[in-house]
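The values are calculated or read from the model by the stated rules, or taken from the named source; none is laboratory data. None of these values were measured; they are calculated from a predicted model. For neighbour counting, all protein chains shown are included, and Cβ atoms are generated from backbone atoms with ideal geometry for every residue, glycine included.
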Amino acid sequence: MELKDKLLSSFLAFEENVDMHTDIHEIRSRAIKDFEEMGFPTKKQEAWKYTSLNKVLKHDYTVFPKKEDTIDYRDVEKYFIDDIDTYKIVFIDGIYASHLSATTHEKIDACLMSSALNSSKYKPIIDNYFNTVAPKESLTSLNTAFSREGAFINIPKNTMADKPIQVINFSTGNESALLVQPRNLIVVGENSHVQIIERHQSLTDHPVLTNSVTEIYADKRAIVDYYKIQNDNHQASLIDNTFIEQHRESNCSVHTFSFGGNLTRNNLNFYQKGERIDSTLKGITVIGEKQHVDHNTLVHHMEPNCESHQDYKGVFAESSTGVFNGKIIVNKEAQKTNAFQANNNILLDDKATINSKPQLEIFADDVKCSHGCTIGQLDDDSLFYLRSRGVPLKEARALLMYAFANNVLESVKIPELKTRITKIIALKLGVNVGYSL
Amino acid sequence: MAYTEDDLKKELDNKEYKYGFYTDIESDTFPVGLNEDIVRAISLKKNEPEWMTNWRLEAFKAWQEMIEPEWANVHYKKPNFQDISYYSAPSKKPKYDSLDEVDPELLDTFKRLGISLDEQKKLAGVAVDVVMDSVSVTTTFKKTLAEKGIIFCSMSEAIQEHPELVKKHLGTVVPQKDNFYAALNSAVFSDGSFCYIPKGVRCPMELSTYFRINQAGTGQFERTLVVADEGSYVSYLEGCTAPSRDENQLHAAVVELIALDDAEIKYSTVQNWYPGNKEGKGGVYNFVTKRGICEKNAKISWTQVETGSAVTWKYPSCILKGDNSVGEFYSIAVTNNFQQADTGTKMIHIGKNTKSTIISKGISAGVSQNSYRGLVQINSKAENARNFSQCDSLLMGDKCGAHTFPYIEAKNKTARVEHEATTSKIGEDQIFYCNQRGIDTEKAIALIVNGFSKEVLNKLPMEFAVEAQKLLEISLEGSVG
């Protein structure tokens, strides 16, 4: 049976399973209809020109995972950023794992989507924000239809989250291929600040497909720092849809670190609905083998005096494929916009491929917009310089790649996270350069 | 009284198409509509050999199964292809020996266009193959060219006299089934220019063709083929102006360039078809397929100045097949009022050490939309391929739009690709600086636009640069800064 049909028929069973209050039920039913109409995206669609889901969708995914609680903290310790104190919201196969988590309701709410959906206390927030930022797209609708669990983070007005929040999704799929669809909602009130680290990790050799949707709502003057670590095994595919609505003078940044996984697709959309907003989108991609990473970004400038900064660096080895599809739209009203976009790539092997499509759509005249894209290699002179000073080839190359990626790393605001990313890159390059940049 | 933005706007609104007039020459026009018989009839009319008729029919069959592309960032009312007459030729078409014999009405037309033939012959040393409604009327300097072995004639003449060359090269760069408009062109093309430069010959003069659309409701389907044999060089100019018309006119041309080993082709275009009036009514639809192929060490350079047409859909491309070949694309696209342009280039790197440069300048004013759409593709065998792309957009007024859609695909680790794009407006400080020195705002804008476009204007042959500069000024006069 085709995956689409299977999903459509599973929906009824799913609905019976999770009987929740009616508004959500309506949203779900509408979403499944939208998905039925649109189906999975194909390469014929411009946004999916360079990424085919065919291989990923071939598997017979199960949508009803069993509860798995045999996993011990020690087994998965390495996937946590454990050298700092954080709140943790952990899921195994899409089901909340209380023994690994540390949630809170003091001052801020860092808890579960399921409890937020069921509790009358959070009803106003759910009514106001749930499924309001995400647009009607096929994969987003699919997620909405099956939305039941995920992280729910609510930072009230004038509050600074006292520690970063980690959202970690483990998948085991012990018996068969598994489709998980986490749904996160993050609402950050006026003048509030939060840092969030998100990670998806597969612990099995079974194919796992994650279709995740995160909605972030940043109210006036809010500051949101979001970090995504994608370093999964070769059977795991991830479609990450993140939608951010920003209001007056808010400041949001999303850093995406893609080091692994079979197919990774990041749909990252920023909607600027106020003046003097700052948006930052940065990413480092280091992949090899037959991996495929696709960054699809959109920054929509709707109001005057806003800024956006995009900086994506990629290093592609072996038969890997990198896609960058960045779009900046500047509305007629959005005068004095400053929008920058850079995409720099290094190809290491003959079979590696890069497809880059930086787009500008500008309807306002008093703007400063630019984009740049480069594809190149490590500089031979620089390599020679290092080698003539006794640095072996492998290390010299790694050092240059660090330098290449450094201005993205530099803007990571959590030092422990920066160290962790540096270590992952070193591991990925198979060297120990002994520097922490 | 100070010159205000409103004054500028008023002037802009009143700007009418300078070259809008209509010449009444008795035309031999086919009934409207398109079917197999019409294709056969065109072929018969032109007295074409059988292989050519079959070639056209093949294209027509393919075209019937194709659908009009919709991916471009332009919006327009689709032309009804059964509402167009596919053949129109001035009925008096004797071969002239001198200009005196040419229909005086036609000569007058050219005078009003500012392209007096005799003047150009003398002053510019340009051989002009004038295409007026599809059939070549006069060819000059043919003898000089013939001495060098250069063939420069109309396409229909080439089919008669050099069938082996046409047969060998026609459709090799833009196949009949390439795209919707190329297929249509292949089926019904009425005429065009053919040029062959023999081995090792450097063409002593700029070759030039003036295209005009002149017959109401006549689509014009030009077919140009330029073949530069090993080690040769040619510079080809193409320029167009069209009379004012109310209904939309369709122009679907195909240009094929073939640069064999060590050859170089420079192809320059100044396009000034009727852009429609200030309400966006009328205007020419310009759907053109232009492509060149480079063999070893060859070079193709496209230069275009696009100021006219209501809708432009044009991507002059280079296939860099041979090692060390070079492709260049220099473009200025100006849109004003309701014009829409979706233009750019494709650079396909196949050979080793291939190089390409793209410089695109877009200027949009009024309520126009100007898009750059380009592809740079580095194939896996293209070692040490190098590309540099630069797309700059200038916006005038807050109702227009500038868009950039670059596609960059690299499959080789030695590839070096750079792309950069900027969007900006004319700075108030720049205008102030000029005003301060006694240059009025309008002149200042012309000056700044000229500077903005300099990189591309510089690439045009001398004769054309002047005309291009004039065109830029005409199409932007009165635009608000």
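Before moving on, here are some points about what is shown:
- Condition check for A:Lys33: modelled with pLDDT of 85 or more and assigned to a helix (DSSP H, G or I): yes
- Filter result (in a loop (DSSP other than H, G, I, E, B), modelled with pLDDT of 60 or more and either of a type in the set (Gly, Ala, Ser) or surrounded by 23 or more Cβ atoms within 10 Å (Cβ to Cβ) (or both)) within the stretch B:204-251: B:Phe221, B:Gly231, B:Ser232
- The set of residues from the stretch A:336-379 being closer than 14 Å to A:Ser308 by Cβ, more than 7 Å from chain B (Cβ to nearest Cβ) and of a type in the set (Val, Ile, Thr) comprises just one member, A:Thr337.
- Unmet requirement for A:Glu26, which otherwise passes all of (1) over 25 Å from the mean Cα position of the chain (by Cα); (2) part of a loop (DSSP other than H, G, I, E, B); (3) more than 26 Å from A:Ser171 (Cα to Cα): (2)
- Within the stretch A:305-316, one or more residues are hydroxyl-bearing (Ser, Thr, Tyr), within 14 Å of chain B (Cβ to nearest Cβ) and within 26 Å of A:Tyr402 (Cα to Cα).
- Listing of strands (runs of 3 or more DSSP E) fully contained in the stretch A:223-305 that carry 2 or more residues being within 25 Å of A:Glu361 (Cβ to Cβ) and at pLDDT 90 or above: A:236-246, A:251-258, A:263-272, A:278-287, A:292-301
- Conditions (1) at pLDDT 90 or above; (2) closer than 28 Å to A:Asp365 by Cβ; (3) under 19 Å from the mean Cα position of the chain (by Cα): number failed by B:Gln339: (1)
- Matching residues in the stretch B:349-359 - criterion: being free of Cβ contacts under 8 Å to residues at least 40 places away in the same chain and either of a type in the set (Phe, Trp, Tyr) or surrounded by fewer than 24 Cβ atoms within 10 Å (Cβ to Cβ) (or both): B:Ile350, B:Lys352, B:Asn353, B:Lys355, B:Thr357
- Qualifying residue in the stretch A:401-414 (condition: among the charged types (D, E, K, R) and in a helix (DSSP H, G or I)): no
- The set of residues in the stretch B:168-201 being closer than 27 Å to B:Gly231 by Cα, at pLDDT below 90 and surrounded by fewer than 19 Cβ atoms within 10 Å (Cβ to Cβ) consists of B:Pro175 alone.
- Taken over the stretch B:373-400, the criterion of being surrounded by 24 or more Cβ atoms within 10 Å (Cβ to Cβ), under 15 Å from A:Phe363 (Cβ atoms) and without any contact (Cβ under 8 Å) to a residue 60 or more places away in the chain is satisfied by B:Ser393, B:Leu394, B:Leu395.
- Selection from the stretch B:48-78 of residues that are of a type in the set (Lys, Arg) and touching a residue at least 60 places away in the same chain (Cβ under 8 Å): B:Arg56, B:Lys77
- Verdict on A:Ile328 being crowded, with 24+ Cβ neighbours inside 10 Å, aliphatic (A, V, I, L, M) and closer than 28 Å to B:Ser380 by Cβ: no
- So A:Thr297, is it crowded, with 24+ Cβ neighbours inside 10 Å and closer than 23 Å to A:Gln166 by Cβ: no
- Exclusive hit being at pLDDT 80 or above, of a type outside the set (Val, Ile, Thr), more than 27 Å from the chain's Cα centre (by Cα) and assigned to a loop (DSSP other than H, G, I, E, B), set B:Asn47, B:Asn54: B:Asn47
- Scanning the stretch A:195-216 for residues that are under 17 Å from A:Ala177 (Cβ atoms) and charged (D, E, K, R) gives a single hit, A:Asp205.
- A:Ile362 meets all of the listed conditions (1) within 25 Å of A:Asp278 (Cβ to Cβ); (2) surrounded by 19 or more Cβ atoms within 10 Å (Cβ to Cβ); (3) in contact (Cβ under 8 Å) with a residue 60 or more places away in the chain but one, namely (3).
- Taking the conditions (1) free of Cβ contacts under 8 Å to residues at least 24 places away in the same chain; (2) at positive phi; (3) of a type in the set (Gly, Ala, Ser) in turn, A:Ser9 satisfies each one other than (2).
- Only one of A:Thr140, A:Thr144, A:Thr172, A:Thr132 that is over 19 Å from the mean Cα position of the chain (by Cα) and among the β-branched types (Val, Ile, Thr): A:Thr172
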